[in-house]
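Q: Quick one: the structure is below, questions incoming.
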Amino acid sequence: MDTVYKRSQKIFHWLLAVLILFWLFVSGEIVSSLEGSEQATILMFHSGGATIILLLMMARLRLRLKHPVGPQSELKVWEKNWGSRVHIAFYALAVLMFLSGMLQGVFFEQDVRVFGLVNITIGHKEPLLKVFHEAHEIIAVIFKLMIAIHILAALKHQFVDKLPFLKRMT
């Protein structure tokens with residue numbers, strides 16, 4: 001097991017951090033604020049970007065499994081366990097976020113075209129749309145909380161525990 005992250009792993013980490021934060025805090029808000037054809041245009045980019053994020057997450061997971069990096073030995077056992085759980089949760093949340101978003105598109109009131117090409121809408125069904133919309137919203141909140149925990153833990157390890165956490169991923 002490696003003790004440091006490969007350059008490609010660092011690039012995936014920061015690229016996904018930027019994309020996910022943008023999708024959670026900006027893109028989703030833009031979608032919610034628009035209606036009609038403007039919303040359909042933004043949904044095309046929002047769903048396409050979500051597809052790219054999912055694919056990048058899967059590529060990152062593959063790389064992580066191929067080149068695992070162990071937790072720093074100075075961490076307490078419970079910190080190592082929770083660190084692993086948080087990372088697994090990120091992958092699970094990405095998949096759930098993607099699925100709930102796409103299932104909203106399946107039952108949306110207007111066509112949702114991923115990348116502007118593939119229409120995923122099969123027909124408007126308001127009750128199902130509401131369920132998947134609510135799930136998407138709840139998953140987004142959980143994702144945001146997990147990101148906050150991840151950042152706070154990294155800062156705690158860096159500045160309180162005086163471990164070179166930020167250096168490992170930069």
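Just so you know, all these numbers are worked out from the coordinates, no wet-lab data involved. Please read all numbers here as calculations on a predicted model, not as lab measurements. Cβ sites come from the backbone with ideal geometry, for glycine too, and all protein chains shown count toward neighbours.
Q: Contact order normalised by length for the chain, with contacts defined as Cα pairs under 8 Å and 6 or more residues apart; what percent is it? Walk me through the numbers before you get to the answer.
A: Details: 151 pairs, mean separation 40.8, N = 170.
Over the chain, the number comes to 24 percent.
Q: Based on DSSP H runs of at least 4 residues, each adding -39500 (n - 2.57), what is the mean residue ellipticity at 222 nm of the chain after dividing by all its residues, to the nearest 500 deg cm²/dmol? Let's see the in-between values first.
A: Values: 6 runs with 117 residues, N = 170.
For the chain, the value works out to -23500 deg cm²/dmol.
Q: What does the net charge come to around residue 141 if you take all other residues with beta carbon closer than 14 Å to its beta carbon, with K and R at +1 and D and E at -1? It would help to have the intermediate numbers written out before the result.
A: Values: positive: 144; negative: 29, 134, 137.
For residues surrounding residue 141, the net value is -2.
Q: So which trypsin sites (Lys or Arg not before Pro) in segment 35-103 end up in coil per DSSP with only 12 or fewer other C-beta atoms within 10 Å? Write out the running numbers ahead of the final one.
A: Values: sites: 60, 62, 64, 66, 76, 80, 85; in loops: 76.
In loop regions of segment 35-103 (DSSP not H, G, I, E or B), the sparsely surrounded trypsin sites (Lys or Arg not before Pro) are 76.
Q: In addition: Per residue of segment 108-113, what does 6.51 cos²θ - 1.76 cosθ + 1.60 with θ = phi - 60° give for ³J(HN,Hα)? Whole Hz please, x for Gly and Pro, Karplus curve as stated.
A: Whole-Hz 3J(HN,Hα) from phi for segment 108-113: 6, 7, 9, 4, 10, 10.
Q: OK, next. For segment 134-141, in order, what is each residue's ³J(HN,Hα) by Karplus, 6.51 cos²θ - 1.76 cosθ + 1.60 with θ = phi - 60°, in whole Hz (x at glycine and Pro)?
A: Running phi through 6.51 cos²θ - 1.76 cosθ + 1.60 with θ = phi - 60° gives 4, 4, 4, 5, 5, 4, 4, 5 Hz.
Q: If the cut-off is 26 Å between C-alpha atoms, which lysines fall inside it for residue 66, apart from same-chain ones fewer than 8 positions away?
A: Within the straight-line cut-off, residue 66 pairs with 6, 10, 76, 80, 167.
Q: OK, next. Quick one: what are the phi-derived ³J(HN,Hα) couplings along segment 26-42, Karplus 6.51/-1.76/1.60 with θ = phi - 60°, whole Hz, x for glycine and proline?
A: 10, 4, x, 5, 5, 4, 5, 8, 10, 9, x, 5, 5, 5, 4, 5, 5
Q: Once Rh for the chain is found with the Kirkwood sum over Cα pairs, what is the Stokes-Einstein diffusion coefficient at 4 °C and 1.567 mPa s, in µm²/s? Walk me through the intermediate numbers first.
A: Numbers: Rh = 17.5 Å.
Using the Kirkwood radius from Cα pairs, D works out to 74 µm²/s.
Q: Let me check I've understood the local charge: for residue 36, count other residues with C-beta under 14 angstrom from its C-beta, Lys and Arg +1, Asp and Glu -1. What total comes out? Each step should come with its number before you reach the end.
A: Working: positive: none; negative: 35, 38, 109, 111.
With Lys, Arg at +1 and Asp, Glu at -1, the neighbours total -4.
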